Amino acid sequence: MKMIDSASGIGFPLRTLMVCFTIWLIATEVLVFDQVKFNAKTELLEQAARALRGPEVVAPSGRTSDLPGAKIENL
């Protein structure tokens, strides 16, 4: 009984703090490296899309209005 009373008087255990910090650090590293991988893959996909499009000009495929007062919006 005496041991339980003396243990409850101690502050937050250092071992628990170290375990929580280690888990937080590993999770943060995983998230950072995952974001770096995602950015790299996104950049590669954009480069591939630009290479597939090539130098040709893309013309709009929508119909134009024959009305004289109609406004045409460009995207």
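The table below gives the values:
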quantity	calculated
Filter result for LEU45 (modelled with pLDDT of 95 or more and either under 22 Å from the mean Cα position of the chain (by Cα) or loosely packed, with under 10 Cβ neighbours inside 10 Å (or both))	no
Tabulated pairs, the stretch 27-41, first at pLDDT 95 or above, second exposed (fewer than 10 other Cβ atoms within 10 Å of the Cβ), C-beta under 8 angstrom, 6+ apart or interchain	none
Among (1) within 23 Å of the chain's Cα centre (by Cα); (2) modelled with pLDDT of 90 or more, the one test that THR16 misses	(1)
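The values are calculated or read from the model by the stated rules, or taken from the named source; none is laboratory data. This is a predicted model, so every value here is computed, not measured. All Cβ positions, glycine included, derive from the backbone under ideal geometry; neighbour counts span all protein chains shown.
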